[in-house]
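**Q** Let me begin by handing over the structure; questions about it come next.
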Amino acid sequence: LLFLHADTVLSKGCLTALHDLLGANNDVIGGNFRLLFDGQRRFDRWLEGFYAWLRSKGIYYGDSGIFLRACRYRELGGIRRIPIMEDFDLAMRMEATGTTVCIDDPPLVTSSRRFNGRHPITIFFGWLFVHLLFYLGVPPDRIAHIYDNERCRERPA
């Protein structure tokens with residue numbers, strides 16, 4: 001199974017790389033792809049490095065194409081019905097139960113438009129804040145409400 005955000009594009013060869021990886025490695029339960037952003041700002045390039053660093057720590061999201069074997073998906077209980085962080089939650093459960101990998105080549109490409117009009121520092125600290133709330137056990141519906149309100153305040157009218 002492959003889960004990715006609607007604004008993420010599969011590069012040519014992604015499905016072949018995924019098929020070959022899982023076919024050759026029965027111990028791998030799933031993983032994700034290296035992620036590139038389609039924007040041209042320095043922040044977009046920084047994010048690519050930051051996402052690579054996060055992945056080295058076992059942290060990834062749906063914009064980087066989470067994939068896993070169907071049997072493991074069922075064993076993990078699938079994607080939880082929560083309004084935010086559902087992709088992160090699935091990735092954390094995958095990391096806790098088996099071997100995952102990151103396919104570096106070809107990468108996926110995702111849209112940078114969600115960052116337009118927002119200051120990089122605000123984006124980064126907003127990301128940290130959402131994760132802190134999630135780790136502290138704040139209900140995801142409350143986190144989603146806070147996150148959506150914060151994004152609305154940051155965007156110009």
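**Q** Looking at the chain, send over the antiparallel percent of its DSSP beta bridges, to the nearest 5.
**A** 45 percent
**Q** Tell me the carbon and sulfur percent of the accessible area for region 1-74, rounded to whole percent, probe radius 1.4 Å.
**A** Carbon with sulfur: 59 percent of the solvent-accessible area.
**Q** Give the dimensionless ratio obtained when the Cα radius of gyration of region 40-157 is divided by 2.2 N^0.38 Å.
**A** Rg over 2.2 N^0.38 Å, computed on Cα atoms: 1.14.
**Q** Still on this structure: Is region 101-150 best put as rounded, prolate or oblate by its Cα gyration tensor, with a ≥ b ≥ c the root eigenvalues, rounded for a/c under 1.5, and otherwise prolate when a/b is larger than b/c, oblate when not?
**A** oblate
**Q** Picking from Gly58, Phe134, Phe3, whose Cα lies most toward the positive end of the charge dipole for region 1-147 (charges on Cβ: Lys, Arg +1; Asp, Glu -1)?
**A** With unit charges placed on the Cβ atoms, the residue in question is Phe134.
**Q** Please give the calculated 222 nm ellipticity per residue for the chain, where each DSSP H segment of at least 4 residues contributes -39500 (n - 2.57) and the sum is spread over every residue; nearest 500 deg cm²/dmol? Present the calculation step by step, with values, prior to reporting the outcome.
**A** Details: 6 runs with 76 residues, N = 157.
My calculation for the chain gives -15000 deg cm²/dmol from helical runs alone.
**Q** Based on the Cβ-Cβ distance from Arg41 to Arg142, what FRET efficiency comes out when R0 is 41 Å, to the nearest 0.05?
**A** 0.85
**Q** Looking at the square roots a ≥ b ≥ c of the eigenvalues of the Cα gyration tensor of region 52-92, which shape do they give, rounded for a/c under 1.5, prolate if a/b is larger than b/c, or oblate?
**A** oblate
**Q** According to the square roots a ≥ b ≥ c of the eigenvalues of the Cα gyration tensor, what is the shape class of region 8-109, taking rounded for a/c under 1.5, prolate for a/b larger than b/c otherwise, and oblate for the remainder? Walk me through the numbers on the way to the answer.
**A** Details: a/c = 1.91, a/b = 1.31, b/c = 1.45.
Note, shape of region 8-109 comes out oblate.
**Q** Provide the per residue accessible area, probe 1.4 Å, for region 7-157, rounded to a whole number of square angstrom.
**A** Accessible area per residue: 56 Å².
The values are calculated or read from the model by the stated rules, or taken from the named source; none is laboratory data. Remember, predicted model here, so these are calculated numbers, not experimental data. Cβ coordinates were reconstructed from backbone atoms using ideal geometry, including for glycine residues, and neighbour counts include every protein chain displayed. Heavy atoms of the whole protein, side chains included, go into the accessibility calculation; ligands, DNA and RNA do not. Shrake-Rupley method; radii C 1.70, N 1.55, O 1.52, S 1.80 Å.
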